Each structure stands twice: as structure tokens, then as C-alpha cells.
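These notes concern the structure reproduced below.
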Amino acid sequence: MSEDDQSGDVVRRDRFSGGPAREFLSSLAADERIFQADLDVDRAHVVMLAEQEIIGEDDASAILDALDSVAEAGHDALPDGEDVHAAIETAVIERVGPDGGRMHTARSRNDEVATCIRYRLREDVLDLVETVVDAREQLCEVAEAEADTVMPGYTHLQPAQPVTVGHWVASYEQALQRDTERLLDAFDRINRSPLGGGAFGGVSFDVDRDRTAELLGFDGVIENSMDAASARDFMVETTSAVATLATTLSGLAEDLVVFANRGFVDLADDYSSTSSIMPQKVNPDTLELVRGRTGDATAALNGLLTTLKGLPRAYNRDLQRATGHAWDAIDSVSASVEVATGAVVTADWPVEELEAAAAAGFSTATGVADLLAKSGVPFRTAHEIVATAAAEIEGSDADAPDYETLNAVVQDVLGESLSAYVDERDVEAALDPAESAAMRDSRGGPAPEAVEAQLATANAVREEHAALVAGRRDAVEESLEDLQAEVASYV
Ligand code: ARG
């Protein structure tokens, strides 16, 4: 539609004045994302209307035929309109004539848009879950390959205990398991049909809401028509799950930034950037962007909640502004999953540097205290002994107190020499970072066998999740095929 022909769509007719409010009202450009969804929602609705004899079969086939032609022409070819729903209806009426106007019998744009958003969002969520599941597989492979690569572990950014690279990677994989579960959970509440609820107050036609839900692959309907038009909590839940996923990824990214800074990891060039002025710089920019994009998801969640807060029943146009937040979060974070995983998969772990760093700051102290505790010394006393020995080497170059230093403290506190409690060889072993990590072989711990066991569970859980996504995907696709077959019987 040309600029001077602003009579607008079939919904607004001559009430489009052409002033600044016209652009302001319109969601048509942003609605490109639900163009395909709206066509399918229209198709299912028209099939149901014909089956219920609310409209005639001839009208149904003319409308369904027109919808195919609108689909073929694409979103960009739509006539002007306040939104994709009005524009598609206008395009149908242009093709069919006034009888095309029967398409909007027994529904409103309110139940229509809510259905379209759910229809599209469930697709996006399945795509995102697939991306995360794929990332988890790649992370498990890295964890497996680096199960016995020793590295320093930190609390408060201070050397704490030696762990393994496999243990670190598996820790993020495990967090991603929960992120996956949250998204799959959200899917179940997204996948309900509001269609047939009308503007909010139901309709006076004998519609079959279960039928449209079935044709569109929904698991059921949103029962109350007022709730059907109003509810956007499915977007809050999804965006919150996405923001939580982004937070997981930002932790991983931050760890890699710190590791790179300390020379514990060599990031592949693809995941680094350079400085335009400082020739020596290789910076972990991609990971900083993964960290930064968490802000996009958090902002989206805030935007959504702020938009929805205090909205009265039932439909209010504020809802049009809510939708974009959900898309923003999904788009921003999907890319982060792939980049963060790619950075881990392509990274090099310098084994010797890591092992040396794992010994620094007397990281092995817990293992020495454990050794004394195992020989019968109360753990608190052992802790005190090792802490005293640690204080003695403060300010020196030594990573850890030597046997003699420990022995002197033991003699002082317990009145007997260290050898009365433990073998010198065992003390030496406890001071070795690889041995120290291997000692902590409790369930979920950093020891290589413990990491292997975690990965076995992780692989099984991942396969379960992959099967759940595939099942949901198949169900959606099957219903789409049924819908196409129904449409084909009319055109
Ligand atoms: N574009 C609108 C949205 O996204 C569609 C619903 C319009 N309904 C209305 N009553 N004005 O929410």
C-alpha cells in the first residue's frame, strides 16, 4: 500500500488518519516472526469453522486457497495493516472478495495473537533446547578428554584445591542439564491453545476449541477465555529460563576470561580479538560478549515483567510490547550457547602450566589435613596444624611447607613427630596436586574416576532430554501434516 493510500487494513478501514500514531500502533514489521504461525492459525480456524458448519465449504476453500497465495507472496508483500493479523485478513479479502471476511468469524485478534506467539515460541524453545543438548554433548567430550588434566580450583578467586579440567567442564554441563529441564518445563505450559476464547469473553458460535488445538499441535486449551487472551506468564517463564541459561553461560565465560588471563587456557584465534592500537594484545572478546549478552536476557525478563505488572484483565495493547522481549532473549542467548561451547571445544589446556599453578598457594593444604585426620588426629586440630605451617611459608617462594616445617608444627602441637602419624611418602603424595585431586574421589568429586562417573550419568540424562525434544518435535510436525492434509481436502 502506498504512503498516500492510508485507508489502512480491513480492521481500521477509514479510521487510519495517517498521523504519527499509525506507525506507533503497528507491529507489522516485528510480526514477521509470527507470519507463518498466523497463516497456520488461520488455516486451522477456517477448517474448524467449516467442520462446525459455521461457514460454508466453498467459502472455506476460497479462503484456504487465498491463504496459500498469501503464504507464497510472503510477509513483505502484505498490504499495510496494524499488524500481521489484520494485514493477512486484508490480503485474503483482496483475493476472495467480501466472503473472505468470514475468516474472522468467532475469533478476535486477541486470541489469535496469543495463539500465534505460543505456536512460534514453542518452535524457538525446541530449537534452543536442541542447541543446548548439542552443546552438552560437546562439553562432555571435552570433560572426558581432560578428565585427568589437573588445574587449580578457586574460591574467592584465591587458589583453593587442585581439581581437573574435566571436573570444571562437567560442572557447567551439569548446570546446563537443569537449564534444559527448565526450558522443557516451560514448553509444556507454552503449548496450550487460547484460540476460540475470542476477545476475552468467549464467542456465540459453536466452535470446537479442542479441534483447533489438535490441528495446531497444542496439548490442550487454555480453558478460561479471559485468561486465554490475557495470559503471558508462559513468556515470563520461558524468558526467565533463558536468562538463567545466560547466567550459567556468563559464569563459564568469566572463568575462561580469568583462565586466559592467567595463562591456564589458550583460546583459539576465532574466539579472541585484537587491539586496534596495542599490537601485542589478544583479548577474549567473544567470551566477554557471552557475559555481556546475559544483560540482554536479564533486560528482556525485566522488560517483560515491568510491562505485565498490574495490567488489568483482559486485553490491553501493552501486550504488543511484551512479545519482543521474549524473542530478544531467545535470539541473544541461542548464539551465546554456540559461542561459549565453541570456545571450550577449541581451547588448548597447557598441562604443565596448569599443574604447576595447581600447586601454588598451598592448594594441597586440605589433603594434608585430611591425611592427619585419617591417622586419628581430630580434623579441627589437623586444620590448625596445617594452617600454622602455611603461615610459616607466607611471603616465601614456596608453594607449600616442606616435610620439616610440618613436622616441627606437629611436634609442637601434638608432642610427637609427624612420622608417628603418617608416612613421609604419603605427605609428599598429598602435596602433589595430581595426587591431591585424585584423592578427592567422592561422588561428584574432581578425581578422574569420579569425573568419568559423572559423565556416564550426564550422557544418559542428555539422551533422555534429546528423546523428549524429539518427541515434542514429532508431535508438532505430525499435527502440521494433519493440518496440511485437511487444508488440501478443501483446495
Ligand atoms: N498486534 C496486537 C498484539 O500483538 C494484536 C492484538 C490486537 N488486539 C487489539 N484488541 N487491538 O497484541
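The values are calculated or read from the model by the stated rules, or taken from the named source; none is laboratory data. No experiment lies behind these values; they were computed from the predicted model shown. For neighbour counting, all protein chains shown are included, and Cβ atoms are generated from backbone atoms with ideal geometry for every residue, glycine included. Surface accessibility is based on the protein's heavy atoms, side chains included, excluding ligands, DNA and RNA. Shrake-Rupley method; radii C 1.70, N 1.55, O 1.52, S 1.80 Å.
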Considering the stretch 90-119, residues that are more than 12 Å from the ligand (Cβ to nearest atom) and charged (D, E, K, R), and then whichever is nearest to ALA314 (Cα to Cα), we arrive at ARG118
Filtering the stretch 125-167 for residues that are part of a helix (DSSP H, G or I), open to solvent by less than 10 Å² (accessible area, probe 1.4 Å) and β-branched (Val, Ile, Thr) leaves a count of 4
Across the stretch 317-340, the tally of residues that are within 16 Å of the ligand (Cβ to nearest atom) and of a type in the set (A, V, I, L, M, F, W, C) stands at 4
Counting only residues in the stretch 291-316 that are touching a residue at least 40 places away in the same chain (Cβ under 8 Å) and among the basic types (Lys, Arg), the one nearest to the ligand (Cβ to nearest atom) is identified as ARG313
Sole miss for ALA343 among (1) more than 16 Å from the ligand (Cβ to nearest atom); (2) open to solvent by 20 Å² or more (accessible area, probe 1.4 Å); (3) at negative phi is condition (2)
The stretch 21-84: helices (runs of 4 or more DSSP H) wholly inside it with 3 or more residues that are under 30 Å from the mean Cα position of the chain (by Cα) and crowded, with 20+ Cβ neighbours inside 10 Å are 35-51
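One line per residue, one yes/no per condition, for (1) touching a helix residue (DSSP H, G or I) at 6+ places or on another chain (Cβ under 6 Å); (2) among the small types (Gly, Ala, Ser):
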residue	(1), (2)
PHE205	no, no
THR212	yes, no
GLY217	yes, yes
VAL221	yes, no
SER225	no, yes
ALA229	yes, yes
THR238	yes, no
ALA243	yes, yes
*asked:* Any residue that is closer than 30 Å to GLU146 by Cα and either of a type outside the set (S, T, N, Q) or part of a helix (DSSP H, G or I) (or both) - is there at least one of those in the stretch 402-409?
replied: yes
Pairs returned, first residue in the stretch 134-149 that is closer than 16 Å to ALA434 by Cα, second residue that is among the acidic types (Asp, Glu) and open to solvent by 70 Å² or more (accessible area, probe 1.4 Å), beta-carbon separation under 7 angstrom, 6 or more apart or interchain, are ALA147/GLU452
ARG120 meets each of (1) out of contact with any Lys or Arg (no Cβ under 8 Å at 6 or more places or on another chain); (2) open to solvent by 20 Å² or more (accessible area, probe 1.4 Å) with one exception, condition (1)
Of the residues in the stretch 174-192, those that are open to solvent by less than 60 Å² (accessible area, probe 1.4 Å) and out of contact with any Asp or Glu (no Cβ under 9 Å at 6 or more places or on another chain) number 8
